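Quick notes on the structure that follows.
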Amino acid sequence: MTEPIVSTAWLQANLKDPNLILLDASFKENQSNIETDLENIHIKGARFFDIKNTFSDTNNPLPNTIPSPEQFEFEARKLGINKNSIVVIYDNLGVYSSPRAWWLFKVMGHQNVAVLDGGLPEWISQKYPVEAIPEIPNYTIGNFEAKFDPELVKSKEQILENTQTKDSVLIDARAENRFKGIGSEPRPGLRSGHIPGSINMPYTQLLRNGKFLPKEELVKILKTDSRPLIFTCGSGVTACIDLIAY
């Protein structure tokens, strides 16, 4: 799988591939206050990828902190994921939390992974089958191996250094009012504004009706110089939407 995004038609055609693992990375609630009435159904055969708990370091006070490779490997194996698995991830808001799960797999060295464009809403709009979410079954333990790639993660210290060196371009995926510090932050006690030198590219500008804009439109919007790109947001979720689009 070479593209980070696949269509619902592609998924429907490949659902019976024995190597395909379909993951539902939906959030029960989100900081963008986006509502859905699809929280109790999923694509048949999907396995729940719990970003907030199972696939985060919950001992860290910051939300959605990346888990250790050991934790990720252990939990991925429990979901029946193998080294040769073709992983497709979706969420029930269209495109929201699924890119975060995609990025986690990339960080852990798994390349055969993609996001379902339009997610569950698009799947339903195409009249493909869904079912009520069943009790979580026990899957056959997989042989997934996490191979952490440190190049895909930047520390606070590295970001602070970059404000001086400007070696990389920092892209902020939050809404414009939060970026400019004229809107309140969703988490109490969090200062408003943005990291000095960063560029605002709200993730909502890259989507239409819950799907990514066509490539030709994205190319017109996403213009930067030749420096490496670093992506940020409020809690590491919507930054991954920008990352895939770029």
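The values are calculated or read from the model by the stated rules, or taken from the named source; none is laboratory data. This one's a predicted model, so the numbers in the text were calculated from it and none came from an experiment. Using ideal geometry, Cβ is built from the backbone for each residue, glycine included, and neighbour counts are taken over all protein chains shown.
Annotations for the structure displayed:
- Some residue of the stretch 101-113 being touching a residue at least 60 places away in the same chain (Cβ under 8 Å), surrounded by 15 or more Cβ atoms within 10 Å (Cβ to Cβ), out of contact with any Cys (no Cβ under 6 Å at 6 or more places or on another chain) and of a type in the set (Phe, Trp, Tyr): yes
- Matching helices (runs of 4 or more DSSP H) fully within the stretch 1-108 where at least 3 residues are farther than 25 Å from residue 124 by Cβ and modelled with pLDDT of 95 or more: 69-78, 98-107
- Residues in the stretch 115-149 that are on the phi < 0 side of the Ramachandran plot, surrounded by 14 or more Cβ atoms within 10 Å (Cβ to Cβ) and in contact with a helix residue (DSSP H, G or I) (Cβ under 8 Å, 6 or more places away or on another chain): 12 in all.
- Of the candidates 38, 62, the single residue that is under 21 Å from residue 203 (Cβ atoms), of a type outside the set (Val, Ile, Thr), touching a helix residue (DSSP H, G or I) at 6+ places or on another chain (Cβ under 6 Å) and surrounded by fewer than 21 Cβ atoms within 10 Å (Cβ to Cβ) is 38.
- When residues of the stretch 127-140 are limited to those that are over 24 Å from the mean Cα position of the chain (by Cα) and modelled with pLDDT of 95 or more, the one farthest from residue 83 (Cα to Cα): 127
- Matching residues, the stretch 234-246, being touching a strand residue (DSSP E or B) at 6+ places or on another chain (Cβ under 8 Å) and either modelled with pLDDT of 95 or more or β-branched (Val, Ile, Thr) (or both): 239, 240, 241, 242, 243, 244, 245
- Here 28, 44 are screened, and the one residue that is of a type in the set (Lys, Arg) and farther than 24 Å from residue 203 by Cα is 44.
- Checklist (1) over 24 Å from residue 6 (Cβ atoms); (2) touching a Lys or Arg at 6+ places or on another chain (Cβ under 7 Å); (3) touching a residue at least 40 places away in the same chain (Cβ under 8 Å); (4) not in a strand (DSSP E or B) applied to residue 240, failing item: (1)
Conditions (1) surrounded by 12 or more Cβ atoms within 10 Å (Cβ to Cβ); (2) closer than 22 Å to residue 96 by Cβ; (3) acidic (Asp, Glu), marked per residue:
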position: 189; (1), (2), (3): no, no, no
position: 197; (1), (2), (3): yes, no, no
position: 201; (1), (2), (3): yes, yes, no
position: 211; (1), (2), (3): yes, yes, no
position: 215; (1), (2), (3): no, yes, no
position: 220; (1), (2), (3): no, no, no
position: 231; (1), (2), (3): yes, yes, no
position: 235; (1), (2), (3): yes, yes, no
